[in-house]
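Participant: First, the structure itself, so that you have it in front of you.
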Amino acid sequence: MVAYQGRRVLVTGGTGLIGSRLAERLALEGKAQVRALVHTWSKAAWVSRADVQLVQGDIRDPAAMAEALQGCDVVFHCAAARGGWPLCRATNVEGTRTVLEAAAKSGTARVVHLSCAAVHGPLFAEGADETAPLMRSGIPYIDTKIESEELVRHFSASHGLPATIVRPAPVWGPCSPGFTVMPVRQMQLGRWSLVDGGHGICNAVYIDHLVDALLLAGEREEALGETFLVADDYGITWGEFFEHYRRMVNTGPLPSVRSESPVARALRRPIRAIDWLLGPGPRMPEYEPAPLLVRGARSGLMRLRARLTRHAPFSDWDLDLYSKQGRLNIAKARTLLDYKPRLSLDEAMRATEAWLHDQHLL
């Protein structure tokens with residue numbers, strides 16, 4: 001972390017899972033002068049514990065971005081939105097464009113762009129690496145991440161912007177809502193199931209391992225112009241992964257659902273039809289100008305989808321994620337970044353369990 005000592009660093013998405021931990025470690029371990037861009041003050045409590053300058057602003061605002069970037073050497077672009085198409089496109093695509101334009105105009109800022117391994121789709125072939133094709137899925141968050149990557153490559157080629165893209169596997173550990181807090185809570189309620197007995201390959205990354213990779217991507221010359229997949233690479237199954245949570249919760253054996261169950265198959269078509277209607281374009285407008293009748297229809301479709309997915313608790317994407325992926329190849333990150341997961345699975349799980357106890361979630 002000596003490389004960051006005294007340097008000015010901007011972290012967008014400073015209140016999120018990844019951005020807040022990155023900002024915290026840059027300040028505490030790297031002794032950097034850290035500036036975190038905060039969109040909503042009420043979410044800034046966690047990151048404000050560290051010696052971090054909090055700057056309120058919106059990545060879609062060119063003036064706010066220019067001011068936040070002033071004097072910075074490195075920008076870690078972690079801000080992103082999940083939700084409908086208009087929100088994801090405005091934040092993940094146009095917001096990224098604003099960040100890149102501000103960085104290019106500064107003439108000094110290096111950019112590390114946080115993407116996700118999901119841009120390759122839910123079905124990884126065994127040994128898939130960064131050259132695997134990008135797969136549009138119809139999911140707003142993922143498809144707009146693909147578009148944002150295209151912008152990074154464009155600015156790198158046309159403006160000479162020094163940039164690196166990092167694609168993490170699903171992130172787990174302290175503060176992770178989707179791959180730690182939610183599964184633990186569902187197990188406590190008796191609602192969590194394995195898919196196909198938990199035999200699928202687990203591609204995931206512990207939060208501090210991802211932060212390690214981001215820090216390396218922001219300092220190494222070999223990283224410029226490159227894209228990196230990042231995972232723990234423990235070589236375990238999802239059953240082995242979730243068994244740690246099951247023991248924390250002290251519940252009985254987890255039930256299993258089949259990835260090709262009759263119920264899941266029967267419900268796929270109506271769920272996909274609803275997703276199409278709620279998707280991008282003029283089919284079902286999302287914003288306030290939409291007629292009252294249309295907004296009511298949107299609301300009704302969303303409620304219907306929620307009911308259907310209760311009977312098929314995993315989406316098509318989840319079923320593939322938990323049952324049909326091969327093991328990701330992170331050799332490029334190991335070679336060019338010298339990335340290596342520093343905690344064993346047991347060590348990372350113990351740290352996660354301690355955090356869950358601290359937060360009164362266990």
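The values are calculated or read from the model by the stated rules, or taken from the named source; none is laboratory data. Small disclaimer: the values here were computed from a predicted structure and weren't measured. When we count neighbours, we look across all protein chains shown, and the Cβ atoms used for this are built from the backbone with ideal geometry, even at glycine.
Participant: Considering only the stretch 118-137, I want to know if a residue exists there that is in the same structural domain as Glu219 (by TED's automatic domain parsing) and within 13 Å of the chain's Cα centre (by Cα).
Facilitator: Among the residues of the stretch 118-137, at least one is in the same structural domain as Glu219 (by TED's automatic domain parsing) and within 13 Å of the chain's Cα centre (by Cα), which makes the answer yes.
Participant: Output the residues belonging to the stretch 186-228 that are of a type in the set (Gly, Ala, Ser) and over 20 Å from Ile165 (Cβ atoms). Even if it seems obvious, please write down each step before you answer.
Facilitator: Applying the first criterion (of a type in the set (Gly, Ala, Ser)) to the stretch 186-228 yields 190, 193, 197-198, 200, 204, 213, 217-218, 223, 225.
Hits for the stretch 186-228 are Gly190, Ser193, Gly197, Gly198, Gly200.
Participant: Among the residues of the stretch 310-327 satisfying the criterion of being at pLDDT 85 or above and hydroxyl-bearing (Ser, Thr, Tyr), which is farthest from the chain's Cα centre (by Cα)?
Facilitator: Ser323
Participant: Here's something else I'd like to know. Would you mind stating whether Val152 is more than 16 Å from the chain's Cα centre (by Cα) and more than 22 Å from Asp316 (Cβ to Cβ)?
Facilitator: Spelling it out, Val152 is indeed more than 16 Å from the chain's Cα centre (by Cα) and more than 22 Å from Asp316 (Cβ to Cβ).
Participant: If you take just the strands (runs of 3 or more DSSP E) that sit entirely in the stretch 1-82, which of them hold at least 3 residues that are under 28 Å from Tyr339 (Cα atoms)?
Facilitator: Per the criteria, 8-12, 33-38, 74-77.
Yes or no, residue by residue, for (1) closer than 21 Å to Val230 by Cβ; (2) in contact (Cβ under 8 Å) with a residue 24 or more places away in the chain; (3) buried (at least 21 other Cβ atoms within 10 Å of the Cβ):
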site: Leu69; (1), (2), (3): no, yes, yes
site: Ala81; (1), (2), (3): no, yes, no
site: Ala104; (1), (2), (3): no, yes, no
site: Val119; (1), (2), (3): yes, yes, yes
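Participant: When residues of the stretch 162-210 are filtered for being of a type in the set (Gly, Ala, Ser), in a loop (DSSP other than H, G, I, E, B) and modelled with pLDDT of 95 or more, how many remain?
Facilitator: Narrowing the stretch 162-210 to residues of a type in the set (Gly, Ala, Ser): 163, 169, 173, 176, 178, 190, 193, 197-198, 200, 204.
If we keep only those that are in a loop (DSSP other than H, G, I, E, B) as well, we get 169, 173, 176, 190, 193, 200, 204.
Next cut, modelled with pLDDT of 95 or more only: 169, 173, 176, 200, 204.
Of the residues in that region, 5 qualify.
Participant: Collect the residues in the stretch 219-245 that are within 18 Å of the chain's Cα centre (by Cα), over 15 Å from Gly326 (Cα atoms) and surrounded by fewer than 24 Cβ atoms within 10 Å (Cβ to Cβ), keeping them in residue-number order.
Facilitator: Thr227, the sole residue that qualifies.
Participant: Can you tell me which residue among Ser193, Ser158, Ser137, Ser148 is of a type outside the set (Val, Ile, Thr) and buried (at least 19 other Cβ atoms within 10 Å of the Cβ)?
Facilitator: Working: Ser193 fails: buried (at least 19 other Cβ atoms within 10 Å of the Cβ); Ser158 fails: buried (at least 19 other Cβ atoms within 10 Å of the Cβ); Ser137 fails: buried (at least 19 other Cβ atoms within 10 Å of the Cβ).
Result: Ser148 is the single residue among Ser193, Ser158, Ser137, Ser148 that is of a type outside the set (Val, Ile, Thr) and buried (at least 19 other Cβ atoms within 10 Å of the Cβ).
Participant: Further question: Can you name every residue in the stretch 137-158 that is closer than 18 Å to Ala90 by Cα and in a loop (DSSP other than H, G, I, E, B)?
Facilitator: Within the stretch 137-158, Gly138, Ile139 qualify.
Participant: Still on this model: Ala266 versus (1) out of contact with any Leu (no Cβ under 6 Å at 6 or more places or on another chain); (2) modelled with pLDDT under 95; (3) not in a helix (DSSP H, G or I): which is the lone unmet condition?
Facilitator: The single condition Ala266 does not satisfy is (3).
Participant: For the condition farther than 13 Å from Glu147 by Cα, charged (D, E, K, R) and in contact with a Ser or Thr (Cβ under 9 Å, 6 or more places away or on another chain), what is the one hit in Arg97, Arg60? Full working, then the answer.
Facilitator: Details: Arg97 fails: farther than 13 Å from Glu147 by Cα.
Sole residue among the options that is farther than 13 Å from Glu147 by Cα, charged (D, E, K, R) and in contact with a Ser or Thr (Cβ under 9 Å, 6 or more places away or on another chain): Arg60.
Participant: Condition check: modelled with pLDDT of 95 or more and either out of contact with any strand residue (DSSP E or B) (no Cβ under 9 Å at 6 or more places or on another chain) or assigned to a loop (DSSP other than H, G, I, E, B) (or both). Does Val99 satisfy that? Spell out how you get there, then give the answer.
Facilitator: Numbers: modelled with pLDDT of 95 or more: yes; either out of contact with any strand residue (DSSP E or B) (no Cβ under 9 Å at 6 or more places or on another chain) or assigned to a loop (DSSP other than H, G, I, E, B) (or both): no.
Against the criterion (modelled with pLDDT of 95 or more and either out of contact with any strand residue (DSSP E or B) (no Cβ under 9 Å at 6 or more places or on another chain) or assigned to a loop (DSSP other than H, G, I, E, B) (or both)), Val99 does not qualify.
Participant: At least 2 residues that are without any contact (Cβ under 8 Å) to a residue 60 or more places away in the chain in each: list the helices (runs of 4 or more DSSP H) lying fully within the stretch 316-362 that qualify.
Facilitator: Numbers: elements: 316-323, 331-336, 345-358.
Passing ranges, in order: 331-336, 345-358.
Participant: From the list Ala64, Ala27, which residue is more than 24 Å from Leu216 (Cβ to Cβ) and more than 17 Å from the chain's Cα centre (by Cα)?
Facilitator: Only one candidate passes the filter, namely Ala64.
Participant: For Pro183, are the conditions met, namely being surrounded by fewer than 23 Cβ atoms within 10 Å (Cβ to Cβ), under 30 Å from His360 (Cβ atoms), in contact (Cβ under 8 Å) with a residue 40 or more places away in the chain and within 18 Å of the chain's Cα centre (by Cα)?
Facilitator: For Pro183, the condition - surrounded by fewer than 23 Cβ atoms within 10 Å (Cβ to Cβ), under 30 Å from His360 (Cβ atoms), in contact (Cβ under 8 Å) with a residue 40 or more places away in the chain and within 18 Å of the chain's Cα centre (by Cα) - is met.
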